[in-house]
1. Could you tell me which of the residues THR133, THR172 is out of contact with any Gly (no Cβ under 7 Å at 6 or more places or on another chain), of a type in the set (S, T, N, Q) and more than 17 Å from ASP46 (Cα to Cα)?
2. Can you tell me how many residues within the stretch 57-84 are assigned to a helix (DSSP H, G or I) and either within 16 Å of the ligand (Cβ to nearest atom) or touching a residue at least 40 places away in the same chain (Cβ under 8 Å) (or both)?
3. Using the structure shown, decide if LEU174 is surrounded by 18 or more Cβ atoms within 10 Å (Cβ to Cβ), under 25 Å from ILE48 (Cβ atoms) and either outside the structural domain of GLY40 (by TED's automatic domain parsing) or among the aromatic types (Phe, Trp, Tyr) (or both).
4. Quick check: is even one residue across the stretch 3-17 more than 16 Å from the ligand (Cβ to nearest atom), within 17 Å of the chain's Cα centre (by Cα) and over 15 Å from GLY90 (Cα atoms)?
5. Read through the list (1) in a loop (DSSP other than H, G, I, E, B); (2) out of contact with any Phe, Trp or Tyr (no Cβ under 7 Å at 6 or more places or on another chain), then give the number of the only condition that ALA19 fails.
6. Consider SER142 carefully, then state whether it is surrounded by 13 or more Cβ atoms within 10 Å (Cβ to Cβ) and not assigned by TED's automatic domain parsing to the domain that holds PRO74.
Amino acid sequence: MRLLVVEDDPDLNRQLVTALSDAGYAVDSAADGEDGHHLGDSEPYDAIVLDLGLPKMDGISVLESWRRNGKMMPVLILTARDRWSDKVQGFDAGADDYVAKPFHMEEVLARIRALLRRSAGHATNELVCGPVTLDTRSSRVSVNGNPVRLTSHEYRLLAYLMHHNGRVVSRTELVEHLYDQDFDRDSNTIEVFVGRLRKKLGIDIIQTVRGLGYMLSPPADAS
Ligand code: CA
């Protein structure tokens, strides 16, 4: 899952990027409204954290413009405490949720999880495919109840496939959603990660769909 943080306060921007990266997301960041607007318009983010008070272009205008351009990614706005009008304006501009400043980072992480889960059509934080379970709260993966240790890239790959269980996900889509903009992208590495993931999970739930990409499917029952 790839996220964008648009926040002009450098400390807060860094804290958000660090916390979200540590939680297993690929994260890009912007420090003003123009840059944020451009990134959100041109890159396929799974969710965006957007401050409202921004230099060059305010957050409400940024959000309105994205929505006018048909961008549907979930957006979590950061509002000043006690500014109820911010929240109303934000929701009317197309926000999906808000957090009031100052906030606890845990709350931002929980709200992002909820937005990602809902936008992918899942009811809970625990995603299941056959014997494989992925818990987006703890970033833990298990097979038949036995924990499996994954690197952050392997986890990101599996999490994306599990969020989009039931459809074919192309390599291009994976590259766009697993790496931040500074990452040296080479779509061949996706195949390497898929290979490692299959090995670590020990069962084959990742199907290669020739010429199209990958799709999860629980192993056929042997009995
Ligand atoms: Ca600000």
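1. Just one listed residue meets the conditions, THR133.
2. Restricting attention to the stretch 57-84, the residues satisfying the condition of being assigned to a helix (DSSP H, G or I) are 59-68, 84.
Now narrow it down to the ones that are either within 16 Å of the ligand (Cβ to nearest atom) or touching a residue at least 40 places away in the same chain (Cβ under 8 Å) (or both): 59-63.
Adding up the residues that qualify gives 5.
3. yes
4. First pass over the stretch 3-17, keeping only residues more than 16 Å from the ligand (Cβ to nearest atom): 3.
Now drop any that are not within 17 Å of the chain's Cα centre (by Cα), which leaves 3.
Checking which are over 15 Å from GLY90 (Cα atoms) leaves us with 3.
Scanning the stretch 3-17 turns up at least one residue that is more than 16 Å from the ligand (Cβ to nearest atom), within 17 Å of the chain's Cα centre (by Cα) and over 15 Å from GLY90 (Cα atoms).
5. Going through the list (1) in a loop (DSSP other than H, G, I, E, B); (2) out of contact with any Phe, Trp or Tyr (no Cβ under 7 Å at 6 or more places or on another chain), ALA19 breaks only (1).
6. So SER142 fits the description; yes.
Residues are listed down the side, and each one gets a yes or a no for (1) assigned by TED's automatic domain parsing to the domain that holds PRO44; (2) at pLDDT 95 or above:
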site	(1), (2)
ARG67	yes, yes
ILE77	yes, yes
TRP84	yes, no
GLY94	yes, yes
ALA110	yes, yes
PRO147	no, yes
HIS153	no, no
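The values are calculated or read from the model by the stated rules, or taken from the named source; none is laboratory data. Since this is a predicted model, take the numbers as computed values, not measurements. Positions of Cβ are generated from backbone atoms using ideal geometry, with glycine treated the same way; all protein chains shown enter the neighbour counts.
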